[in-house]
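Structure first, then comments.
The values are calculated or read from the model by the stated rules, or taken from the named source; none is laboratory data. Note that the coordinates shown come from a computational prediction; the quantities given were computed from them, not determined experimentally. As a convention, Cβ positions derive from the backbone with ideal geometry for all residues, glycine included, and neighbour counts pool all protein chains shown. Areas reflect the complete protein model, heavy atoms only, side chains present, ligands, DNA and RNA absent. Shrake-Rupley method; radii C 1.70, N 1.55, O 1.52, S 1.80 Å.
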Amino acid sequence: DRRQTLYPSSQTDFVGDLSMTTAIFKTLLDPGKIQIRWMIRRDLSDVLSIENRCFSEAAWTEEDFLSHMRSRNIIGQVCCERGEDDRIIGHCIYKMHKRKLEILRIAVDPLRHGDGFGFAMLDKLKSKLSWDRRSKLVAHVPLDSKLCSWWKRQQFSGQWDRVEDQIKFIYHLPMEGK
């Protein structure tokens, strides 16, 4: 069982400075055990189950998912653990803009938090970026220290959005990719 060490994470108060302050290393599942694919309609019951466990009162409904997925520029993906049943562990919904990808929703089964599935979904989105077209990922995140530190560990920088009362996290394609 191969394990991969990731880059440092941040532990900081997100009301103030958003810079990295301490290094903690996380481990990731063997990448061969993770499959990320497009979401299809029959995935919806598993996706809704994860959605309800992650967001409770703020969870999207089946109609929310379907209305988003009907749009031409919105894509849904699911993250599965390869095995006998390829069980869905997480999902991500993102919108394609001319110059960016906007993450509308991302969730991982709470029993599997910290296992690298969220990282794998973001890594897949990062691989879609290019200097020719879309060069950044954007996500609006409620002010929650656990959520904010997770986004910082994924190399996103945060900016307070007073209008939305959330933090706008942005990942820019690194310059060496140009």
- Task: Examine the range 73-89 for a residue that is touching a residue at least 12 places away in the same chain (Cβ under 8 Å), within 20 Å of residue 156 (Cβ to Cβ) and touching a Gly at 6+ places or on another chain (Cβ under 6 Å), and state whether such a residue exists.
- Result: yes
- Scanning the range 148-178 for residues that are surrounded by fewer than 20 Cβ atoms within 10 Å (Cβ to Cβ), within 18 Å of residue 123 (Cβ to Cβ) and of a type in the set (A, V, I, L, M, F, W, C), the one modelled with the lowest pLDDT turns out to be 173
- Task: Identify the single condition in (1) farther than 22 Å from residue 49 by Cβ; (2) touching a Cys at 6+ places or on another chain (Cβ under 9 Å) that residue 166 does not satisfy, given that it satisfies every other one.
- Result: (2)
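Which ranges mark the strands (runs of 3 or more DSSP E) fully within the range 42-122 that have 1 or more residues being open to solvent by less than 50 Å² (accessible area, probe 1.4 Å), under 19 Å from residue 139 (Cα atoms) and touching a Pro at 6+ places or on another chain (Cβ under 7 Å)? Please lay out each step first, then the result.
Details: elements: 74-81, 87-96, 100-108.
Correct list: empty, since no element meets the threshold.
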